[in-house]
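Structure first, commentary second.
Values in this text are rule-based calculations from the coordinates and carry no lab data. As the structure is a prediction and not an experimental result, all values here were calculated from the model. So basically every Cβ, Gly included, is an ideal-geometry build from the backbone, and we count neighbours across all protein chains shown.
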Amino acid sequence: MGEYTAVIKWSRDGATFTDNRYSRAHVWQFDGGIEVPASSSPHVVPIPMSVAEAVDPEEAFVASLSSCHMLWFLSIAAKRGYSVESYRDEAVGVLAKDASGRMAMTLVTLRPRVEFDGESRPIAEDLRALHHAAHEQCYIASSVRAEVRCVPIL
C-alpha cells in the first residue's frame, strides 16, 4: 500500500573505531525533512558512547506502537461520534530475553488516558471497545512478534 522511508546517518568523525568505544550518536531523517538525534540506549551501551538525550531504537519502537494505536483510536472515536479532548499514553516497553534466549522487546504496555468533551461520552465498556478496535487496526502492532498490550486508564 505504500513505502515508508527513513535515512539513518552515522559517521566516525575521525574517532578510533576498533576499540569499540566509538560514539553511537547518529541521526534519523524522515521525508518531511525532520531530523531526530538518535543513539543506542544507555541501558545497552554505556555513556559516553551513548547519548542519553537522543532517541534510541527501543524508545522509538514503543513510541511507534503507541502513536499507531492513538491515531486509530482517534479515527474510530470520531466515527462513533465521540469528541476527544486529549490523549496521553505513558507507554512502556520491556527489553528482555525471549523464549529462545535472544534479547528482544518482549512486552509493550500502552496506558492511554483519554479525555472527552461534549455530550456523548463513552462508558468504560465502550472505551475498552474503542481501544480494542484501535489495537486490531494498528499496522505496527500487527507487524511485531512482541506481545502488545493496551491497558487504558479508565
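From the set of residues in the stretch 63-81 that are out of contact with any Cys (no Cβ under 6 Å at 6 or more places or on another chain) and surrounded by 20 or more Cβ atoms within 10 Å (Cβ to Cβ), which is farthest from residue 7 (Cα to Cα)? Working first, answer last.
First pass over the stretch 63-81, keeping only residues out of contact with any Cys (no Cβ under 6 Å at 6 or more places or on another chain): 63-67, 70-71, 73-81.
Next, from what is left, pick out any that are surrounded by 20 or more Cβ atoms within 10 Å (Cβ to Cβ): 65-66, 70, 73, 77.
On the way: 65: 20, 66: 22, 70: 25, 73: 29, 77: 33 Å.
Only one residue tops the list, namely 77.
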Scan of the stretch 123-145 for residues that are in a loop (DSSP other than H, G, I, E, B) and surrounded by 19 or more Cβ atoms within 10 Å (Cβ to Cβ), ordered by number: 138
Residue tally, condition under 20 Å from residue 140 (Cβ atoms) and of a type in the set (Phe, Trp, Tyr), over the stretch 3-19: 1
Cross-chain or 6+ apart pairs with Cβ under 9 Å, the stretch 127-154 first and free of Cβ contacts under 8 Å to residues at least 40 places away in the same chain, then of a type in the set (S, T, N, Q): 136/142
